Amino acid sequence: MFDKLRSALKALSKAITERTLDEKEVDKLLWDFKVALMESDVAYEVVEELTSRLKGEIVGTKIQRSMNSSDYIKERLMNVVKEIFSGAKQFDMLDMIKKKNALGEPFIILFLGVNGTGKTTTIAKSANILKKSGFSVILACSDTHRAGAIEQLTEHANRLSVKVISQKYGADPAAVARDAVLHAKSRKIDVVLIDTAGRMQTSKNLMEEMAKITRVVNPDLKIFVGDALAGNDAVSQAKEFQEFTNFDAAILTKTDADVKGGAALSIAYVTGKPIIYLGTGQSYDDLVAFNVDSFVSSLFEEK
Ligand code: GDP
């Protein structure tokens, strides 16, 4: 009997306590976030897409009168960013390795990325983590182009007391990778980490070489290594490697330098692949698992 009255009163109190966000206000608030994201080195196309998606969702929504509209939009934006990271198919690398090893097979990881991003160092850090987790590891020097690449990887292998397979400069990188896999199979080594070239005459040659190694060894995981300091360059590299190699995950290096995190968000957004580790320094222990919540909080924290 009182239903009508009750709902009429409810509607009235809502109208007093709630207000609608109109386009003008949303535009103004989103502009501030746009600038903040760009200042954090998020790629322009990603900023545009994120903010226009959010605008579509927010214009016309009702919020509590007591609520600060800027706080509301910030929270919505944080959720969208979290979704970008969590939307990517997450996986537990150590668990995947155990499953493959249980079949009596070595787990094969191919590392991809341009020279100077920290690929070789990241391979050494990964070998260190894997050894500490109880896995045996072998490295393959399939960068047979860059002067010094073989010596650099061998130096890391010696320091970490793991075996490295290499041939001469100019040798077929796919053959080196296959040698390492055969070696791992015969010696029952758990994980093969393959270093690859990061620059060739043309990027087409480089991508063809990656495709050939992939065909020959059929890696369980292809990991793109990106440099957080490279900003938009890291994003275009990620796009290109994604298109030609369809990698499974990314590791972002040099996050200990004064970077604002934009590259991680951009790479996750444009590739749809998870970021699994962050490089946080030059020593072997400086590789940490990527944590979405703490990353997103740091991206939005007041400076
Ligand atoms: P590659 O050419 O991609 O194999 O790159 P390298 O592994 O040779 O690394 C290039 C430089 O970046 C080296 O001086 C590394 O010590 C440095 N580096 C790699 N990862 C990190 C990191 O996470 N933080 C910092 N500060 N330096 C890094």
Exercise for the section: Name the most mobile residue of Gly272, Gly116, Gly262, meaning the one with the largest mean-square fluctuation, in a Gaussian network model of the chain with Cα contacts below 10 Å. Expected result: Gly116
Problem - For the stretch 200-303, size of Cβ-based charge dipole, Lys and Arg +1, Asp and Glu -1, in debye - result: 380 debye
Problem - By average C-beta atoms within 10 angstrom, highest first, the peptides 26-32, 127-133 - result: 127-133, 26-32
Exercise for the section: Report, by chain and number, residues whose modeled amide H sits under 5 Å from the one on Thr253, excluding near sequence neighbours (fewer than 5 apart, same chain). Expected result: Gly226, Asp227, Ala228, Gly279
Practice task
For the chain, report the accessible area per residue in Å² (1.4 Å probe, heavy atoms, rounded to an integer).
Solution key: 50 Å²
Exercise for the section: Could you point to the residue in Gly134, Ala268, Gln201 farthest towards the positive end of the chain's charge dipole, with +1 and -1 charges on the Cβ of Lys/Arg and Asp/Glu respectively? Expected result: Gly134
Handout entry: Fraction of accessible area attributable to carbon and sulfur, the chain (%, probe 1.4 Å)
Key = 51 percent
Exercise for the section: Could you work out how far the C-alpha centroid of the stretch 153-206 sits from that of the stretch 46-94, in angstrom? Expected result: 42 Å
Handout entry: Thr280 accessible area, assembled protein chains, probe 1.4 Å, Å²
Key = 50 Å²
Practice task
Just need the relative contact order of the chain here, percent rounded to a whole number, with Cα pairs under 8 Å and 6+ apart.
Solution key: 21 percent
Exercise for the section: May I ask for the angle, rounded to the nearest 10°, between helix 119-132 and the longest principal axis of the chain, with both axes built from Cα atoms and the value confined to 0 to 90°? Expected result: 90 degrees
Exercise for the section: List the pair-distance distribution P(r) of the stretch 88-244, using every Cα-Cα distance, as the percent of pairs falling in each 10 Å bin from 0 up to the bin containing the longest distance, rounded to whole percents. Expected result: 11, 43, 36, 10, 0
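Express as a percent, rounded to the nearest 5, the fraction of DSSP beta bridges in the chain (both residues included) that run antiparallel.
For the chain, the DSSP antiparallel bridge percentage is about 20.
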Handout entry: Helical mean residue ellipticity (222 nm; -39500 (n - 2.57) per DSSP H run of 4+; nearest 500) of the chain
Key = -17500 deg cm²/dmol
Handout entry: Charge sum, other residues only, whose C-beta stays under 9 Å from Ile63's C-beta, Lys/Arg counted +1 and Asp/Glu -1
Key = +2
Problem - Paired Rg and Dmax values of the chain, which use every Cα atom, in angstrom - result: 24.0, 90
Completion exercise
Burial-style ranking of 162-170, 226-234, 136-144, average other-beta-carbon count within 10 Å with highest first, yields 136-144, 226-234, 162-170
Problem - Helix 149-160 axis, angle to the chain major axis (alpha carbon atoms, nearest 10°) - result: 90 degrees
Completion exercise
Rounded to the nearest 10, the angle in degrees between the Cα long axis of helix 262-271 and the longest principal axis of the Cα atoms of the chain comes to 80 degrees
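The values are calculated or read from the model by the stated rules, or taken from the named source; none is laboratory data. If you're wondering where the values come from, they're calculated on a predicted model, not measured in any experiment. Every residue, glycine among them, receives a Cβ derived from its backbone with ideal geometry; neighbour counts consider all protein chains shown. In case anyone asks, the SASA skips ligands and DNA or RNA and just uses the protein heavy atoms, side chains included. Shrake-Rupley method; radii C 1.70, N 1.55, O 1.52, S 1.80 Å.
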